[in-house]
Amino acid sequence: MIPRTLFSDEHEIYREAARRFIETEITPFHADWEKSGVVPRELWLKAGAAGLLCTNVPEEYGGSGAGFLYNVVLAEELGRAGATGPGFVVHSDMVASYILTFGTDAQKKKWLPKMVSGEMIGSLGLTEPGGGSDLKALRTRAVRDGADYVINGQKTYISNGQLCDLVVLACKTDPEAGAKGVSLIVVEADMPGFERGRRLDKLGLKAQDTSELFFRDVRVPVTNRLGEEGAGFKMAMHKLAQERLIISANSVAVSEAALGWTVEYTKERKAFGKLIADFQNTRFKVAELAAQVQSARIFVDRCIELAMAEKLDSTDAAMLKMLTTELQCKVVDECLQFFGGYGYMLEYPIARAYIDSRVRRIAGGSSEVMREIISRRIFEG
Ligand SMILES: Cc1cc2nc3c(=O)[nH]c(=O)nc-3n(C[C@H](O)[C@H](O)[C@H](O)COP(=O)(O)OP(=O)(O)OC[C@H]3O[C@@H](n4cnc5c(N)ncnc54)[C@H](O)[C@@H]3O)c2cc1C
């Protein structure tokens, strides 16, 4: 293996702690949460107390200021363990990250300390029933009325939707202005007119409370807007690169885990008097996948370096997201095959990884949209 060079001893100590937390506080209960469709609030408080939430938030806003790499470590460890229920990544790397980058000092002081402790859970509300790929076509409307906005609209597929205490919501403040008419406004869940809809019944990610959200005449102070009015589309595009990077870090960790389970299993299971691991087909296929996963890992690590230097370009992030998530789906599918019938049984992590992986090619921007972004740079320069 080509060694990873990004992480210090402190990161590795944190990785151990995150792994232990997942092993004791998440894995033993995950199957129950998959039945209830949501993780308990107490888990968030425990994760906050263990220092696992919003590690890039500086000390003045209640965080450790440890930095983005710690969030990467957590995303990888959650992926490796198949812990798809807790929406920590959306909370820390998307919602808190928007507030941290674009919020005023007062906004950061108001929301971030509670997000670090797990007392407040964040959601990101971009997608609507009418479409998610074309963000500038969204229809949720925020109309200025004195010192408030009055918000009406609907969002769907929102991660952490049943638990969230605040939503960074994409709204149209000027329907005539296209992309320049989109603003991001923080809606707090106790504001009158905010309603949670159904917890959606999904193919996978069964313990994740992905939901519909409704906004009926929700009155939100203008001081809850992030950044300038009309700057929401630009802000979302900027943040999507980081979102896609963290999805990719998680994705490669799942692929590596799937390869690990497969090697372990095929070295024990026999057919025709031979270990499955001794069939050339197994060895060649796993070798091929391992080479592809290693190259994806190196691509992820290089993009992390660029992101930390504020130099990750959105096209490179799109390439990374397309490549790693397509690879994840291929790896879990091809690895599952070596488990035979057991691979179809949900008690095996490979079966759960198979159903949980599919969404990666859709959420956070579909592979087709990634191709569109990439081809624009290639053909239009
Ligand atoms: C489990 C889950 C969790 C999610 N969590 C969140 C969340 O927390 N917050 C949030 O805001 N959203 C969330 N989403 C929404 C997700 O980001 C969207 O589903 C995604 O962006 C695609 O939008 P859409 O579903 O409306 O598909 P559409 O926009 O209707 O697109 C459907 C398909 O059309 C094709 N297509 C679309 N545009 C193009 C194009 N330009 N060129 C070629 N083909 C194209 C693609 O194949 C695409 O998959 C989540 C979704 C899921 C399933």
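The values are calculated or read from the model by the stated rules, or taken from the named source; none is laboratory data. The shown structure was predicted, so the numbers you read here are calculated from the model rather than taken from an experiment. Cβ coordinates were reconstructed from backbone atoms using ideal geometry, including for glycine residues, and neighbour counts include every protein chain displayed. To get the accessible areas, we keep the full protein, side chains included, count just its heavy atoms, and leave off ligands, DNA and RNA. Shrake-Rupley method; radii C 1.70, N 1.55, O 1.52, S 1.80 Å.
Data for the structure
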quantity	calculated
Enclosed volume per residue, in Å³, of the convex hull spanned by Cα atoms of the chain	139 Å³
F68, F284, reordered so the largest accessible area comes first (probe 1.4 Å)	F284, F68
Per-selection Kirkwood Rh - the stretch 267-381 (Cα, Å, 1 d.p.)	16.2 Å
Distance from the stretch 92-131 to the stretch 221-243 (C-alpha centre basis), Å	11 Å
Compactness index (Cα Rg / 2.2 N^0.38 Å), the stretch 43-168	1.12
Alpha carbon centroid spacing (whole Å) that separates the stretch 59-85 from the stretch 321-368	22 Å
Where the chain is the region considered: accessible area per residue in Å², 1.4 Å probe	46 Å²
Residues in the stretch 119-156 that a label on R219 would reach, taking backbone N under 20 Å of a point 7 Å out along Cα→Cβ	141-153
Relative contact order for the chain, counting Cα pairs under 8 Å that sit 6 or more residues apart, in percent	16 percent
In Å, descending, principal axis extents of the Cα set of the stretch 5-88	37, 29, 16
K109-L200 pseudo-label distance in nm [points 7 Å out on the Cα-to-Cβ vector]	3.8 nm
Solvent-accessible area, 1.4 Å probe, carbon plus sulfur percent, for the chain	54 percent
Cα pair distances in the stretch 174-227, grouped into 5 Å bins until the bin that holds the longest one, percent each	4, 16, 16, 18, 18, 15, 9, 3
Nearest 10 degrees, 0 to 90: helix 9-21 Cα axis against the chain principal axis	90 degrees
Principal-axis tilt of helix 280-308 within the chain, Cα atoms, nearest 10 degrees	30 degrees
